[in-house]
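**Student:** Take a look at this one; I'll ask things after.
The values are calculated or read from the model by the stated rules, or taken from the named source; none is laboratory data. All figures in this text were calculated on a predicted structure; none of them were measured in a lab. Neighbour counts are summed over all protein chains in view; Cβ atoms, including those assigned to glycine, are modelled from backbone coordinates with ideal geometry. The accessibility values were calculated without ligands, DNA or RNA, using every heavy atom of the protein model including side chains. Shrake-Rupley method; radii C 1.70, N 1.55, O 1.52, S 1.80 Å.
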Amino acid sequence: MTIPASASTNIVLRLEIGREASAFGRIATAIGEAGGDIVAVDVSGSGKTTSIRDLTISITKTDQQQLIVDAINKLQNVQILQVSDQTFLMHLGGKIEVTSKMTIKTRDDLSRVYTPGVANICMAIKNDPSRAHTLTIKRNMIAVVSDGTAVLGLGNIGPLAAMPVMEGKAMLFKQLAGVDAFPICLNTQDTEEIVATIKRIAPAFGGINLEDISSPRCFEIERRLIEELDIPVFHDDQHGTAVVMLAGILNAIKLTGKRLQDSKIVLCGIGAAGIACTKILLAAGATRIIGVDREGALVRGRSYAHDAWNWYAEHTNPELMEGRLSEVIEGADIFIGVSAPGVLQAADLRRMAADPIVFAMANPTPEITPEEAEGLVRVMATGRSDYPNQINNVLCFPGLFRGVLDCRASRITEAMKLAAAQAIASAVADDELNEHYVIPSVFNPQVADRVRDAVIQAAYASGVARRRDRSL
């Protein structure tokens, strides 16, 4: 993905440069012609005939890095020793670490945190396993688990390459909600092995966040773990997306004066996220959802290859509409895309109902860009940070897990997800609500606390909260 023109990043080139007077001038010219801007020069070594310098260069598009490298490689008496950028530097050695809550300074300290004093804690938990929630990290620890098969827009890149994403997720848990999270990337794509492995490590954790596991395996893995574990399991790619999408839709219909139960909703992309979005919309009161995938609209009575599609067809499209996206979108109030770039055309928008709401959430390139939709829609949302109304899961999962940990919920119910969506929507005040602000910023400090409180209330109402006194 190319960095948009409005953004910039820095790269650092370590160069070995000949001593001739014109060397640096030639380098600066080459970098400028390739679109870079030198913002700092540091000398890291010097010899009789050469010097080693680190050049910090600002670029506005990622492809400029290679243009700069190619330009410098053409220069005589200049050798590139290393190329790095701010993002790579930030990831050196990983982005998270484990630290102790206290320092062991004396023998008494040692005996209390380890042997022999720790034996008393072990026996207390053996006699009452529920005490593990108060006497171990289980109280505040989430496992972020992936097999690396559906990472962001990258696809099946494997467990090692997925680790930086899971580390980043752990950072967000901690910074936004104070939740400790540990990344676990499994070297298997076998459903049974994944389920068995997570069950075996579950005693150390208060919840499981499944991440970037491909469809349809993700459905079976999540279902099995919910049934077989006594801690909450949440597949964020499904339900986090659905919660934040619904929050945005709730504010969009408030702005446009539409009613969810009356709105015709066309959803494109019947995968993990699409099905979860549909389920939460149904739970919120939507009745006229038409799901569209490669084969066109899913229709009740037909037989599909995936069980998930058969379920979908049975629970949606009450008017039994048939045809491709461009056909069924006629008169639609809301379009929700979790599919692929470019599937929605400007001509399709013109066929929608008045004040159309379009959530084109495919990443990194949406189903239709805001530039293409300009003037044709009332409210536009995407998954990207460089456009207004970003649908970002980070608005959901930190506060949601903070809530389930604090009330010690055994599972996450649909009512808890609905409560989270309503809490996110409520972070946009009525006097702030407009076409370009139907969803709060990911940096809004109120969101995680609002989600936490709403989730706890819903957990008690649903009967899944196991902590009697929330103040403990």
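**Student:** Please report the equivalent ellipsoid semi-axes of the chain, computed as sqrt(5 x eigenvalue) of the Cα gyration tensor, largest first, in whole Å.
**Tutor:** Value: 41, 36, 20 Å, ordered largest first.
**Student:** Given charges of +1 on the Cβ of Lys and Arg and -1 on the Cβ of Asp and Glu, with all other atoms neutral, how large is the dipole of the chain about its Cα centre, in debye to the nearest 20?
**Tutor:** Dipole about the Cα centre, nearest 20: 1580 debye.
**Student:** Rg to Rh for the range 1-155: what is it, with Cα atoms only and Rh by Kirkwood?
**Tutor:** Taking Rg over the Kirkwood Rh, I get 1.27.
**Student:** Something else about it: Along Cα→Cβ, 7 Å out, is where each label goes; now give me the distance between the ones at Y304 and I38 in nm to one decimal.
**Tutor:** Between Y304 and I38, the simple spin-label model gives 5.8 nm.
**Student:** Which order do the peptides 80-92, 424-436, 272-284 come out in when sorted by mean C-beta neighbours inside 10 angstrom, highest first?
**Tutor:** On the way: 80-92: 12.4, 424-436: 15.6, 272-284: 22.6.
The peptides rank, most packed first, as 272-284, 424-436, 80-92.
**Student:** Using the heavy atoms of the protein chains and a 1.4 angstrom probe, tell me the accessible area per residue for the range 25-154 in square angstrom.
**Tutor:** For the range 25-154, the solvent-accessible area averages 66 Å² per residue.
**Student:** Here is a follow-up. Can you find, among A143, T115, V299, the residue sitting farthest towards the positive end of the charge dipole of the chain, where Lys and Arg contribute +1 and Asp and Glu -1 at Cβ?
**Tutor:** T115
**Student:** For the range 1-155, which whole percent of the accessible surface, found with a 1.4 angstrom probe, sits on carbon and sulfur atoms?
**Tutor:** On the way: 5280 of 9860 Å².
Carbon and sulfur atoms account for 54 percent of the accessible area of the range 1-155.
**Student:** N127 to N363: extension gain in nm, 0.36 nm per residue of separation minus the Cα-Cα distance?
**Tutor:** Taking 0.36 nm per residue and subtracting the Cα distance, the gain is 80.0 nm.
**Student:** Could you give the distance between the Cα centres of the range 208-242 and the range 70-92, to the whole Å?
**Tutor:** Comparing the Cα centres of the range 208-242 and the range 70-92, I get a distance of 41 Å.
**Student:** Next question, about the same structure. Karplus couplings for the range 455-463 from phi (6.51 cos²θ - 1.76 cosθ + 1.60, θ = phi - 60°), rounded to Hz, Gly and Pro as x?
**Tutor:** With the stated coefficients, the range 455-463 comes to 5, 4, 4, 5, 5, 5, 5, 7, x Hz.
**Student:** Shifting gears a bit: Give me a comma-separated list of calculated 3J(HN,Hα) values for the range 400-409, in order, Karplus coefficients 6.51, -1.76, 1.60 applied at θ = phi - 60°, integers in Hz, x for any Gly or Pro.
**Tutor:** 5, 5, 4, x, 5, 6, 5, 9, 6, 5
**Student:** Another question about this same structure. Charges on Cβ only, +1 for Lys and Arg, -1 for Asp and Glu, centred on the Cα centroid of the chain; of P440, N77, H315, which one is farthest towards the dipole's positive end?
**Tutor:** Toward the positive end, the furthest listed residue is P440.
**Student:** Compute the accessible area per residue over the range 350-409, keeping the other protein chains in place, probe 1.4 Å, unit Å².
**Tutor:** Details: 1980 Å² over 60 residues.
Accessible area per residue, the range 350-409: 33 Å².
**Student:** Of I336, P356, N393, which is farthest along the charge dipole of the range 323-472 in the positive direction, counting Lys and Arg as +1 and Asp and Glu as -1 at C-beta?
**Tutor:** Going by the Cα projections, it comes out as N393.
**Student:** Using only the C-alpha atoms of the range 65-148, find the volume of their convex hull and express it per residue in Å³.
**Tutor:** Per residue, the Cα convex hull of the range 65-148 comes to 191 Å³.
**Student:** Students often get this wrong, so check it: of K95/K417; K95/K169; K101/K169; K95/K138; K138/K174; K101/K138, which have C-alpha atoms separated by over 20 Å?
**Tutor:** Details: K95/K417 29 Å; K95/K169 10 Å; K101/K169 22 Å; K95/K138 22 Å; K138/K174 15 Å; K101/K138 15 Å.
Over 20 Å Cα-Cα: K95/K417; K101/K169; K95/K138.
**Student:** Follow-up. Please report, in whole Å, how far the alpha carbons of the range 210-343 spread along each principal axis, starting with the longest.
**Tutor:** Its Cα atoms span 44, 36, 27 Å along the three principal axes.
**Student:** Still on this structure, I have one more. Apply the Karplus curve 6.51 cos²θ - 1.76 cosθ + 1.60, θ = phi - 60°, to the phi angles in the range 422-430 and return the couplings in whole Hz, x for Gly and Pro.
**Tutor:** 5, 5, 4, 4, 5, 6, 9, 5, 4
**Student:** Here is a further query. Rolling a 1.4 angstrom probe over the protein chains, ignoring ligands and nucleic acids, what is the accessible area of R14 in square angstrom, nearest 10?
**Tutor:** 90 Å²
**Student:** OK, next. Counting just the Cα atoms, what span does the range 341-472 cover along each of its three principal axes? Round to the nearest Å and put the largest first.
**Tutor:** Taking the Cα atoms of the range 341-472, the three principal extents are 55, 29, 26 Å.
**Student:** Could you tell me what % of all Cα pairs in the range 1-80 have separations over 20 Å?
**Tutor:** Numbers: 876 of 3160 pairs.
Percentage above 20 Å: 28.
**Student:** Summing +1 for each Lys or Arg and -1 for each Asp or Glu, what net charge is found among the other residues whose Cβ lies under 15 Å from the Cβ of Q64?
**Tutor:** Net charge in that neighbourhood comes out at -4.
**Student:** Using alpha-carbon positions, what is the distance between the centroids of the range 449-463 and the range 385-430, in Å?
**Tutor:** The range 449-463 and the range 385-430 have Cα centres spaced 10 Å from each other.
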